[in-house]
Amino acid sequence: MSEELNEQELVDYIASHTGAKPDKIRLVLKHEATFITNAHKGAQDEVDIDSDELVDYVLSRPDIKLDELTVEMILDLEMDYLMEKGLAGYVD
């Protein structure tokens with residue numbers, strides 16, 4: 001992968017496309033990280049993350065006060081940003 005993740009740049013990128021407040025974006029990303037970490041616990045190889053399950057998990061957190069569409073947009077834009085930077089990609 002070519003670049004390091006710049007969290008502030010990522011949050012600014014997402015905010016510019018969604019209008020969501022940076023603290024709300026960081027909260028979604030924090031819960032996403034927890035979901036992914038828990039999915040990897042005990043796994044032998046790669047873990048397939050279901051985006052619907054991820055969105056449901058984030059929305060189930062009591063401190064998330066965003067609608068489903070906004071959460072999906074935040075997560076989609078995060079992936080777009082990571083792919084543009086060469087930090088992530090999809091597995092066929």
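Taking the stated definitions as given, is residue 80 open to solvent by 40 Å² or more (accessible area, probe 1.4 Å) and either at pLDDT 95 or above or not in a helix (DSSP H, G or I) (or both)? Steps first, answer last, please.
Numbers: open to solvent by 40 Å² or more (accessible area, probe 1.4 Å): yes; either at pLDDT 95 or above or not in a helix (DSSP H, G or I) (or both): no.
Criteria not met by residue 80.
Kindly establish whether residue 69 is under 14 Å from the mean Cα position of the chain (by Cα), open to solvent by less than 80 Å² (accessible area, probe 1.4 Å) and of a type in the set (A, V, I, L, M).
Details: under 14 Å from the mean Cα position of the chain (by Cα): yes; open to solvent by less than 80 Å² (accessible area, probe 1.4 Å): no; of a type in the set (A, V, I, L, M): yes.
Spelling it out, it is not the case that residue 69 is under 14 Å from the mean Cα position of the chain (by Cα), open to solvent by less than 80 Å² (accessible area, probe 1.4 Å) and of a type in the set (A, V, I, L, M).
Every residue, every condition in (1) in contact with a Leu (Cβ under 6 Å, 6 or more places away or on another chain); (2) open to solvent by less than 90 Å² (accessible area, probe 1.4 Å); (3) of a type outside the set (Phe, Trp, Tyr); (4) in contact (Cβ under 8 Å) with a residue 60 or more places away in the chain, yes or no:
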site: 13; (1), (2), (3), (4): no, yes, no, yes
site: 21; (1), (2), (3), (4): no, no, yes, no
site: 36; (1), (2), (3), (4): no, yes, yes, no
site: 40; (1), (2), (3), (4): no, yes, yes, no
site: 57; (1), (2), (3), (4): no, yes, no, no
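Please go through the stretch 1-54 and give me each residue that is aromatic (Phe, Trp, Tyr) and modelled with pLDDT under 95, ordered by number.
First, pick out the residues of the stretch 1-54 that are aromatic (Phe, Trp, Tyr): 13, 35.
Across the stretch 1-54, the qualifying residue is only 35.
Condition first: part of a helix (DSSP H, G or I) and small (Gly, Ala, Ser). Now tell me which residues in the stretch 8-63 satisfy that.
15, 16, 33, 39, 51, 60
Please state which one of 56, 80, 63, 76 is charged (D, E, K, R) and over 13 Å from the mean Cα position of the chain (by Cα). Lay out the reasoning, then the answer.
Details: 56 fails: over 13 Å from the mean Cα position of the chain (by Cα); 80 fails: over 13 Å from the mean Cα position of the chain (by Cα); 76 fails: over 13 Å from the mean Cα position of the chain (by Cα).
Matching residue, one of 56, 80, 63, 76: 63.
The values are calculated or read from the model by the stated rules, or taken from the named source; none is laboratory data. Just so you know, these numbers come straight off a predicted model, no measurement behind them. Virtual Cβ from ideal backbone geometry, glycine too; neighbours counted across all protein chains shown. The protein model used for the area step is the full one, side chains on, heavy atoms only, and it has no ligands, DNA or RNA in it. Shrake-Rupley method; radii C 1.70, N 1.55, O 1.52, S 1.80 Å.
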